[in-house]
Amino acid sequence: MELHQLAAFLSASILITLAPGPDILYLLATSIAGGKKSGAALSLGLCSGLVFHTFLVAVGVAALIQSSPLLFQLLKYIGAGYLLYLAWCSWIARNSQLALTTAAVEPPGKLYRRGLIMNMVNPKVLIFFLAFLPQFIDPAGASSTLQILLLGFLFGLQACLLFLGISVLSEFIRQKVLSQAGFPRHMAQIQTVILASISLALLCS
């Protein structure tokens, strides 16, 4: 890949990653609620989901899903249902003793799996990759499959670094608000609203 082509791809990827969206909002809420370690675990899960979608685009599964409205709708409903389930769990937790006395820090493994599944069952991520990655393929270069895999890996890498940076920065906000009365309850409520909003946006798209 030409250097200027690589620079254009990374610039576009960074702008897309930093654009206010559901991943960023949920990552912020999770990092503030549970700290930078929680944010890091979620970040790794979300970015692992990007690797999964990269593989699907590379082997042509994404094109098959895009051409099948029924399959696309099925994946969309599964993804929206999973997000609503997470929203319900956050809503229930807002009044639990754990949520009222601590920041309700969840195990890193659980947060990693949550981030992974959130992206894996979101067909909009898959369709975005199908539309975005091929634009930077060099027809005169190596095989398209290898280029797709490379581009997807680079996109996931820069996203992971940016997400980790956001997790660390969120720690400063957490330290300022952690001692405030009702903080854990409010964070659980915020997470509920974010997850429910993402689910509804997915259903309405």
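Report the net charge of residues surrounding L111, where surrounding means a beta-carbon distance below 13 angstrom and charges are Lys +1, Arg +1, Asp -1, Glu -1.
+4
Starting from the 7 Å offset along Cα-to-Cβ, what nm value, one decimal, do you get for the label separation of I14 and F128?
Using points 7 Å along Cα→Cβ, the separation is 1.8 nm.
What does the charge count near G45 come to, summing +1 for each Lys or Arg and -1 for each Asp or Glu among other residues with Cβ under 10 Å from its Cβ? Walk me through the numbers before you get to the answer.
Details: positive: K110, R113, R114; negative: none.
Net charge in that neighbourhood comes out at +3.
In whole Å, what are the extents of region 1-53 along the principal axes defined by its C-alpha atoms, from largest to smallest?
42, 22, 17
Would you mind counting up the charge near F9? Only other residues with Cβ under 14 Å from its Cβ, with Lys and Arg at +1 and Asp and Glu at -1.
Numbers: positive: none; negative: E2, D138.
Its environment carries a net charge of -2.
Could you please rank Y77, Y82, placing first whichever residue has the fewest other Cβ atoms within 10 Å of its Cβ?
Details: Y77 14, Y82 19.
Neighbour counts put them in this order, fewest first: Y77, Y82.
Would you list S144, S167 from fewest to most Cβ contacts within 10 Å?
Values: S144 14, S167 24.
Fewest-to-most ranking of S144, S167: S144, S167.
Just so you know, all these numbers are worked out from the coordinates, no wet-lab data involved. Values in this document were obtained by computation on a predicted structure and should not be read as measured data. Here the Cβ is made from the backbone with ideal geometry for all residues, glycine too, and neighbour counts use every protein chain on show.
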